[in-house]
1. Considering only Cα-Cα distances, which of the following residue pairs are longer than 28 Å: A:K103/A:K179; A:K98/B:K148; A:K103/B:K207; A:K111/B:K208?
2. May I ask for the net charge around A:V14, where only other residues with Cβ less than 10 Å from the Cβ of A:V14 are counted and Lys, Arg are +1 while Asp, Glu are -1?
3. Summing +1 for each Lys or Arg and -1 for each Asp or Glu, what net charge is found among the other residues whose Cβ lies under 10 Å from the Cβ of B:D125?
4. Please report B:C260, B:C273 as a ranked list, fewest other C-beta atoms within 10 angstrom at the top and most at the bottom.
5. Over 19 Å between C-alpha atoms is what I'm after, so list which of A:K40/A:K94; A:K19/A:K183; B:K16/B:K110; A:K69/B:K110 land there.
6. So how many Å³ per residue does the convex hull of the Cα atoms of chain B work out to?
7. Taking only the alpha-carbon atoms of segment B:151-276, what semi-axes of the equivalent ellipsoid follow from 5 times the gyration tensor eigenvalues under a square root, in whole Å, largest first?
8. Using Cβ-Cβ distances only, list the Cys residues of chain B with no partner cysteine under 4.7 Å, sorted by number.
Amino acid sequence: MAARKITTPLTDVVVRDLKAGDAVQITGVIYQARDAAHKKLVALIEAGEELPFELEGAVVYYMGPSPAKPGNVIGSAGPTTSGRMDAYAPLLMKHGLKGMVGKGLRTQEVKDAMREHTAVYFAATGGAGALLAKCIVGNEVIAWPELGAEAVARLEVNSFPAIVVNDCHGGDLYEEGRKQYAKIV
Amino acid sequence: MPVRKLDVREVTAAVKAMCITANYDLPADVYDALVKAKEAEESPVGREVLGQLVENADIAAADRVPICQDTGFAVIFADVGQDVHLVGGSFDAAVNEGVRQGYGDGYLRKSVAEEPAHARRNTRDNTPAILHTGIVPGDKVRLTLMAKGGGAENMSSLNMLKPSEGWAGMVDAVVDTVSRAGSNPCPPVIIGVGIGGTIDMVTLLAKKALLRDIGSTHPDARLAGMEAELLEKINALGIGPQGLGGSTTALAVFIEEMPCHIASMPVAVNVQCHAQRHKTVEL
């Protein structure tokens, strides 16, 4: 598969050009955040307080790594199930979030928010944490270190492989791919 | 028969080693199944994903790092021989100490939250383990560890069917569970099916079913046929590797059954991601 190279932060122009099924390689800064961090991010937004990173154009990676061995940038670092962040994602998109990297199904509400706010959802390969860690070249915890694997980290990625699942035009690779290969038995 | 003494420190050491090796080294049967699936998969994207999973297993084994960052809840099955006298401390504490050391020294993620009803505080050492202890004949202790990830476990189901629903109802329950799970449990999955017993036993049967080697056939020909039928129906869903579409949704379906109440037809489906990490030792 020929992968399209994209860099972060993402712009509306780039997001509009991405279609469900496109393979991409992401280079630049992405932010690690999963369950507990999302709860705190949304609480900050609702309180009108400053976030630990600039949300405009940002890409979040739903991931909680294993501990890094000495000398390594990060431990294994594959995606976690995105659906648990569905309750928080629309508000983050409203405040500028442009990309989400994870795995698994999103709700209609999240897909609608992606259309409304021009955002994109990428799948990375779940269970390929050792392989994906090789594409992470920088890792700095920037908020809530007490959350351990659930802290927010600023990750520098180089040619991080992902596939567009939900684009901002309503395309959905999970639905389309499944229909294409379903058989009657 | 004389009683054999076994120091529980040996249990701790064995559990520690299993936690680490299970998380770094994908079992050969799973590895081979992924390689075969890559050859057979119809979708080009699916083949790419399966190729990544094989490469990932190679990297994890070579670099001694976890296959997946979700290094799991430590589920341990202990078959304790009735002619063994465990000495040197509490068996339960020894198992948990092994988990603590393995997840610490092995750079494995601590994924257990205590007080889930309110605080959800990480216990920071991946304890407590889920420990199933049985007493068996003999003077050995057999320990099996499964590192069970959360994403796939979340997609599992318990179905209390009516006996009149029969095999057709059971097929629907299993296929529907996998269908609804879609891309969430990191397909290709392995499906453990428990049939019979009570709600506690049927889920345990489903989990134990996951310990079978891929490629093994159920000794009961009727159940072997049912496993093949379920696998075909699941792979016809089109979900494919990582849910991106394809012909490989499951690598295997394993059934375990036991007697049940005349009023009941319990069916449990334990969903396992492709990173089926488990180890067994005998002490």
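Each reported figure results from applying straightforward, stated rules to the coordinates on display, with no laboratory input. Computed from a predicted model, the values in this text were never measured in an experiment. With ideal geometry, Cβ positions are generated from the backbone for all residues, glycine too; neighbour counts draw on all protein chains shown.
1. Going by Cα-Cα distance, A:K98/B:K148; A:K111/B:K208 fall outside the 28 Å limit.
2. +1
3. Net local charge, B:D125 excluded: +2.
4. Going from least to most buried by this count: B:C260, B:C273.
5. The answer is A:K19/A:K183.
6. 141
7. Taking √(5λ) for each eigenvalue gives 22, 14, 13 Å, largest first.
8. B:C19, B:C68, B:C260
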